[in-house]
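A quick write-up on the structure given underneath.
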Amino acid sequence: MKLREAQRELTQRKVLGAVLDLLADGSLDDLSVPAVAERSGVSLATIYRYFPTKSDLLSAAAEEPSRLALDANPLDSSDPDPLAAFQRSMWHSFASNLPLLRHQVSSTSGRDMRQARLDRSRTRLEDYVRTRGVEPSTPAGARLVSLLLLTSGSLALVELHDRQGIDLDEAIDASLWAAEVMIAASASSVPNSSTRRQPKKGLQR
């Protein structure tokens, strides 16, 4: 990586880290770019050069927890289930910063960050359920993906681990169990030529 590119990435990481720090403090419901500049030590002009709008800044910051989680807990390449490996990595890292998650649940800026992650998470889950024999473009597949987003996302972590007080690893196991049940039920309901029911003769018209 060239020096200029490395410096640019370092500056961007400082800015995005400041966004996460401010949200973790729980003191800003309406996150401001000047506050980010003050916390990061990066000028407003530089921030706007990299992130022209506040929406751009939030969208980029929304990707940081995933990146930091994977840096701290790389995916286990020996794990036969990539969803389980990814979720373990994510939830362990997110659990170390519960104030940020609590703020994301309650604040407008936090909801914006979760919304920015939604499309990426949905695409990842659509690819995953397809490997498990469920087509996500069908109504049943779309419903499955929506429920997996609910049970495997950060909101589920807050509910199970933070609000209900369930041990982190137990909460992960519970979430993955629910995912397996839903995937198995959806896969078993996929019609095919050998299992499709034939109408009873007495009901034919």
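Applying the condition of being assigned to a helix (DSSP H, G or I) and loosely packed, with under 15 Cβ neighbours inside 10 Å to the stretch 60-85 and asking which residue is modelled with the lowest pLDDT yields Ala72.
In the set (1) surrounded by 13 or more Cβ atoms within 10 Å (Cβ to Cβ); (2) in contact (Cβ under 8 Å) with a residue 40 or more places away in the chain, the condition left unmet by Pro136 is number (2). Within the stretch 109-123, the set of residues being of a type outside the set (Ser, Thr, Tyr) and closer than 12 Å to Ser146 by Cα comprises Leu118, Asp119, Arg122. For the stretch 49-59, filtered to residues that are farther than 12 Å from Thr11 by Cα, part of a helix (DSSP H, G or I) and hydroxyl-bearing (Ser, Thr, Tyr), the residue that is modelled with the highest pLDDT is Ser55. Can you name the residue in the stretch 124-133 that is at pLDDT 90 or above and farther than 12 Å from Ala187 by Cα and is also surrounded by the most Cβ atoms within 10 Å (Cβ to Cβ) among such residues? Step by step, filter the stretch 124-133, then rank; the result is Leu125.
The values are calculated or read from the model by the stated rules, or taken from the named source; none is laboratory data. It should be emphasised that the depicted structure is a prediction, and the values quoted were computed from it without experimental measurement. We place every Cβ from the backbone using ideal geometry, glycine too, and count neighbours over all the protein chains shown.
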